[in-house]
Amino acid sequence: MAGDESDSGEVPLLYSEGNVAARVALEREVRGWSTTELAERVTKAGVKMSQTAVWRIENGKPRRRINLDEALAFARVFELPLEELMSPPLEGLDVNSRRLVQEAVEAFYQARDAQDRLHHAVVAIADHIQAHPDSSRAIHEQCLRLMGDERDARNLTEHIEGGGYYR
């Protein structure tokens, strides 16, 4: 129970606060950040924090307490909901596995954003061709020049002529 002393005489932290400390260390390691880099990111997020404070949160005996503003800043920096930051790490996922999943998630969102940019560009070009039908061949030629590969240029041109990448 919170506030009870353990056999070592140390007062245990609240369950969720101990989880936050463990998750701070894990999330920092997954991202390959030093304690100094994490402290700088938390400070940029609006809560002044030193490298020593991060180290004491992760390793201190007794562990440094985390206030609400700091917990919210950690959640923001790690791009996690506060509720997730307060939960214990998943069993069966080591740091390397977490790092690989983190990389895959970031690549997924980058690819999705790139697809959205491509779609908007293709729709804009399709609209331009519709307004200027005689520009179609020149646009294909420009795609070929920029891409350097006939098959890729033809593929892109087909998407443009179809009126959009997702249609």
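The values are calculated or read from the model by the stated rules, or taken from the named source; none is laboratory data. Here the structure is a predicted model, which means the values were calculated and not measured. Here the Cβ is made from the backbone with ideal geometry for all residues, glycine too, and neighbour counts use every protein chain on show. Just so you know, the surface numbers come from the protein's heavy atoms only, side chains and all, with ligands and any DNA or RNA stripped out. Shrake-Rupley method; radii C 1.70, N 1.55, O 1.52, S 1.80 Å.
Observations on the structure shown:
- Here the chain has an Rg and Dmax of 25.2, 84 Å, counting Cα atoms alone.
- Within a Gaussian network of the chain (alpha carbon springs, distance under 10 Å), most fluctuating of Met86, Met49, Met147: Met147
- R0 of 41 Å, Cβ-Cβ distance Lys48-Ala104: FRET efficiency to nearest 0.05: 0.75
- 23 Å tail of the calculated P(r), the range 39-120, as % of Cα pairs: 39 percent
- Chymotrypsin sites (Phe, Trp or Tyr not before Pro) restricted to DSSP loop in the range 89-167 with at most 16 other C-beta within 10 Å: Tyr166
- For the chain, the fraction of 1.4 Å probe accessible surface lying on carbon and sulfur atoms is 52 percent.
- Separation of alpha-carbon centers, the range 82-105 and the range 13-80, rounded to whole Å: 15 Å
- Distant alpha-carbon pairs in the range 20-67 (separation over 13 angstrom), percent: 52 percent
- Pairwise FRET efficiency - Met147 versus Asn67, Cβ, R0 = 30 Å, nearest 0.05: 0.05
- Once exposed loop GluC sites (Glu not before Pro) are cut out (DSSP; at most 16 other Cβ, 10 Å), longest piece of the chain: 92-167
- Taking every DSSP helix (H) stretch of at least 4 residues in the chain, weighting each as -39,500 (n - 2.57) and dividing the sum by the residue count yields a mean residue ellipticity at 222 nm of -21500 deg cm²/dmol.
- Solvent-accessible heavy-atom area per residue, rounded to whole Å², over the chain at 1.4 Å: 67 Å²
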